[in-house]
1. Tell me the label-point distance for the pair residue A:5, residue B:161, using the 7 Å Cα-to-Cβ offset, in nm and rounded to one decimal.
2. So for the protein assembly as shown, considering every pair of alpha-carbon atoms, how many percent are separated by more than 44 Å?
3. For peptide B:88-98, what's the mean number of Cβ atoms from other chains within 10 Å of each residue's Cβ?
4. Would you list, by chain and number, the lysines whose Cα falls below 18 Å from the Cα of residue B:26, excluding same-chain residues fewer than 8 positions away?
5. Label residue A:37 and residue B:174 with points 7 Å out from Cα along Cα→Cβ: what is the distance between them in nm?
6. If Lys and Arg each add +1 and Asp and Glu each add -1, what is the summed charge of the other residues whose beta carbon sits under 10 Å from the beta carbon of residue C:62?
7. Report, for the protein assembly as shown, the % of DSSP beta bridges that are antiparallel, rounded to 5.
8. So who's got an amide H within less than 5 Å of the one on residue C:6, skipping anything under 5 residues away but keeping other chains? H placed 1.01 Å off N, in plane.
Amino acid sequence: MSLATLLLLADGRLPSGGHAHSAGLEAQVTAGRVRSVADLDGFLRGKLATGGLVSAAFAAAACADATRWADLDAGLDARTPSPALRRASRAQGRALLRAGRAMWPVAGVGREPHQPVALGALAAAAGLSPGQAAVAAAHGAITGPASAAVRLLGLDPYRVHALLARLAPECDRIAEVAASRSGDAVDRLPASGAPLLDIGAEYHATWEVRLFAS
Amino acid sequence: MDPHAPLTGGSRALRVGIGGPVGSGKTALVAALCRALGAQLRLAVVTNDIYTTEDADFLLRNGVLPAERIRAVETGCCPHTAIRDDISANLDAVEDLESSLGPLDLVLLESGGDNLTATFSKGLIDQQIFVVDVSGGDKVPRKGGPGVTTADLLVINKTDLAPLVGADLSVMDRDARARRGDLPTVFLSLAEDRGATPVADWIRGLVAARAAG
Amino acid sequence: MKAKARVVAEVDGHGRTRLAVLRGESPLLLRRTGRHTAEGVTVHLVGGAAGPLRGDELRLDVEVGPGARLEVLSVAAQLALPGRPAPASRLTVTADVAAGGALRWIPEPLIAAAGCDHVVVTRVAVEAGGSLLWRDDLVCGRHGEVCGDVLADTLVRYGGTTLHRHELAVGPRAPGWDGPAVLGAGRAIGTLLTAGPDAVTPGSAGPAVALMPLAGPGMLATAVGADIREVRAALDPLCAAGHVEGGRSRPPREITVRPPRLSARRGCR
Ligand SMILES: Nc1nc2c(ncn2[C@@H]2O[C@H](COP(=O)(O)OP(=O)(O)O)[C@@H](O)[C@H]2O)c(=O)[nH]1
Ligand SMILES: [Mg+2]
């Protein structure tokens with residue numbers, strides 16, 4: 001369990017396709033729901049408590065047990081009603097594996113798993129723990145859209161990072177909850193949904209001009 | 001087989017990146033190359049435009065390439081990142097084209113318009129073309145920047161406009177040589193040469209060399 | 001308060017749906033409404049008391065046998081209220097639909113009154129070849145009121161595989177629930193899930209509603225609105241009778257609702 005390895009896996013500069021995804025933020029910016037750092041705060045808290053929790057639990061579960069990868073992948077399908085979000089998650093899983101495979105040996109997770117399954121598989125390959133996989137997932141759930149907000153809205157990057165620092169304890173808490181539940185049967189794993197993200201993702205996928213893939 | 005094994009070796013398509021500022025004629029060049037090479041080579045195109053379908057539509061409308069041979073990649077406000085720092089979406093697009101269309105000879109990757117510093121990663125492309133045009137004046141080659149200086153081929157486009165904007169092509173030629181040493185530079189007017197002849201010839205040479213070696 | 005209710009629909013010797021069991025206790029009272037025809041039987045939930053209140057444990061089990069067609073509606077919105085200090089109120093709904101059976105679940109909305117603490121657990125299992133239309137609407141607080149805590153915990157399985165697994169938490173304990181990722185300024189949300197042989201129609205999307213083909217054999221429509229009228233406007237047309245008819249498509253029909261005291265607000269018929 002190397003902390004430097006965890007930092008590598010969670011680094012926004014990891015070439016894993018994350019820069020092209022706004023985690024639903026672009027749709028909400030265009031809908032006028034996110035304009036300021038305060039709006040972003042609300043967005044990130046909701047994101048962390050829903051998709052962040054789900055990703056963290058599935059990443060931890062995938063890290064803990066390679067024999068569950070297929071079931072976990074199906075479990076994420078069942079938790080992702082939006083086809084656009086299923087595509088985005090698989091595209092990010094594939095891109096993450098591409099980067100991860102260059103760093104650590106990982107096999108048997110398929111070509112295009114959901115992102116949290118890919119993250120868990122990579123964390124295991126890197127010798128990280130399920131709890132660390134969960135932290136990386138929860139952290140990624142908020143840092144990705146925060147960076148997109150800086151780019152889309154021109155928000156002050158210092159204020160956005162101050163917000164991320166305020167959310168760090170909540171991120172740790174969510175990761176802890178997620179890791180503690182990661183041994184549960186797939187149907188019992190967290191399933192918190194965010195309706196506006198589903199609706200926004202479907203709408204976004206129909207736009208002719210968009211800056212982010214999701 | 002590991003589907004993510006690095007795609008090196010002669011079996012995969014030659015990948016040529018086309019970069020350069022917005023409006024310099026990248027899409028027009030892609031269209032011209034499709035026209036010139038489409039009958040001889042199995043080719044496909046990846047675009048990085050924010051108009052998710054515009055470049056693709058342009059190619060479709062002009063009848064130069066069917067839809068299944070074109071993929072669009074979103075770049076998250078960072079056209080530069082998508083071709084240099086995090087090339088995964090472009091690599092996925094190339095792989096998807098190759099797996100859906102079968103073996104290809106040539107994949108053209110058009111970058112989203114960026115500034116003079118935009119270059120492609122060597123992890124993504126084999127050769128890169130940088131397209132500038134004369135309408136910004138004849139000082140562009142002198143300014144240099146990684147695109148002008150290091151691209152495998154520099155294309156100075158819209159020579160038909162040179163008299164209108166008072167650009168001196170010989171100055172551009174001299175400055176390009178000074179910046180680029182032995183690397184080739186071609187002058188082009190896509191308005192007049194609808195097949196981008198010097199660029200198409202350059203690519204034919206690359207494909208032939210690749211097949212030979 | 002603890003209450004249980006159960007309804008079992010099956011097919012009689014003439015191929016008509018009959019109710020083998022129809023049993024409830026206040027506040028979960030069930031009434032058959034309309035005739036039983038070849039097109040199936042309709043049952044209404046008639047609220048027997050205000051509530052649920054904190055501490056209530058309610059359970060409704062629905063079974064639809066092979067070839068049977070059942071529609072479950074309710075006469076009025078369900079109002080989750082705070083009541084005395086006690087653990088969360090809980091409503092558990094289970095539904096089992098056999099092959100060839102069809103269930104339409106279209107109750108009036110659940111309203112989360114200020115201070116409520118309510119959990120709705122939905123567990124649906126449809127055998128391969130069965131049909132399902134499942135509607136759930138939630139309103140966050142009465143008019144001008146803040147929203148209480150509600151957790152909706154839903155699992156729908158089809159043909160032995162999990163088709164849809166979803167939890168939605170609203171209210172003061174749910175981080176970010178009124179932020180731009182979850183409901184934003186919306187105070188009403190509705191979902192409509194259809195599953196079965198004919199359930200998947202092409203998706204469509206707009207700023208406030210999405211029709212989403214699921215990964216499995218089904219489809220989910222989600223609408224978020226400023227109020228329940230916006231949600232009804234988006235979802236009611238999708239649950240016109242005849243939308244899910246167990247494999248046979250037939251023209252929409254009028255449903256005769258018998259009891260005279262039914263609420264006038266029938267959004268989704
Ligand atoms: N006059 C002239 N116009 C050109 C030439 N090449 C491209 N254009 C025009 O320049 C504009 C921008 O070209 P486009 O290919 O879309 O640029 P991109 O942004 O680099 O892809 C279009 O209106 C083209 O028709 C040329 O050689 N001469
Ligand atoms: Mg272009």
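1. 5.4
2. Within the protein assembly as shown, distances greater than 44 Å cover 33 percent of Cα pairs.
3. So the per-residue partner count for this stretch is 4.
4. Within reach: B:158.
5. 5.3
6. -2
7. 35
8. C:23, C:24, C:61
Since every read-out is calculated from the coordinates, none of them should be taken as a lab result. None of these values were measured; they are calculated from a predicted model. Cβ atoms come from the backbone with ideal geometry, glycine included; neighbour counts cover every protein chain shown.
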